Amino acid sequence: MSEELLKKIPAETKLAYTANTLTASITLLNKVLAPLVGSEKYNELNNKIWGEGAAILFPMIKKDFNIPGDDAIAAMNVFDVVANITISPEFEAERVEESPKRVVQRTTKCPWMERANEYGLTAEFASCPEGHQAWGVGGCKALNPKLTHKMTKFMTKGDPYCEYVVELEE
């Protein structure tokens, strides 16, 4: 019976539930873990998890989806695929600058922020900015050691969007 039921559920619906569950689970983990270990230790652990996870995931996504290039555009394309696969459909972003050497992208709707608001997670213990910075650095370095990643705006700090800058160093 469950096999027949599962066949009736559209893939988009399954993805939406999976993404919501992922972001909710991590957000609730943050809410519980951060006060237990303190902000400094929490950020240390969180950054390691995010950075190492991205270093594994980004090259895999680049290869599996045949994303060409090793410049800033290619890196941001990988970011977009990763974000849309793992936290879709709530993730929304726009590129405001794009060249092979530099891409600036703004996240205008973020499921991490949605879950943080839903579960009353304070900005100081949200999984960004430190975790997302570590995620970007880990992912970029794994794609090309000459790539850098920096977040310049943060919704958790009151900005209207999160801004990511990926650059290719000479």
From the Cα centre of the range 98-170 to that of the range 62-88, the distance in Å is 15
Taking amide H positions as placed 1.01 Å from N in the peptide plane, with prolines and chain starts having none, which residues 5 or more places from Lys153, or on another chain, fall under 5 Å of its amide H?
-> Glu163
Run through every distinct alpha carbon pair of the chain and return the Kirkwood hydrodynamic radius in angstroms, one decimal place.
-> 16.7
A correct Karplus calculation of ³J(HN,Hα) over the range 33-48, with 6.51 cos²θ - 1.76 cosθ + 1.60, θ = phi - 60°, whole Hz and x for Gly and Pro, returns 6, 4, x, 6, 9, x, 4, 5, 5, 4, 4, 4, 5, 4, 5, 5
Any idea what log10 I(q)/I(0) is at q = 0.11, 0.13 Å⁻¹ for the range 28-94, Debye with uniform C-alpha scatterers and no solvent?
-> -0.37, -0.50
Residues with amide H under 5 Å from that of Ala93, placed H, sequence gap 5 or more | Thr108
Rank Met151, Met113, Met60 by mean-square fluctuation in a GNM of the chain with C-alpha springs under 10 angstrom and give only the top-ranked residue.
-> Met60
Scoring only Lys, Arg, Asp and Glu (+1, +1, -1, -1) among other residues with Cβ under 15 Å from the Cβ of Ala24 yields -1
Could you give me the ³J(HN,Hα) list for the range 65-72, computed from phi with Karplus coefficients 6.51, -1.76, 1.60 and θ = phi - 60°, whole Hz, x at Gly and Pro?
-> 9, 6, 8, x, x, 9, 9, 5
³J(HN,Hα) computed for each position of the range 103-111 - Karplus, 6.51 cos²θ - 1.76 cosθ + 1.60, integer Hz, glycine/proline x = 10, 10, 10, 10, 8, 9, 9, 10, x
Excluding Asn47 itself, calculate the net charge of residues whose Cβ lies under 12 Å from the Cβ of Asn47, where each Lys or Arg counts +1 and each Asp or Glu counts -1.
-> -2
Report relative contact order for the chain in percent, whole number only (criteria: Cα-Cα under 8 Å, sequence separation at least 6).
-> 28
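Just to confirm the filter: which chymotrypsin sites (Phe, Trp or Tyr not before Pro) across the range 88-168 are DSSP coil and have at most 13 other Cβ within 10 angstrom of their Cβ?
Numbers: sites: Phe91, Trp112, Tyr119, Phe125, Trp135, Phe154, Tyr161, Tyr164; in loops: Phe91, Tyr119, Phe154, Tyr161.
Hits after loop and neighbour filter: Tyr119.
Where a number appears in this text, it was derived from the coordinates with a stated rule and is not lab data. Predicted model, so just to flag it, every value in this text is computed and none were measured. Cβ sites come from the backbone with ideal geometry, for glycine too, and all protein chains shown count toward neighbours.
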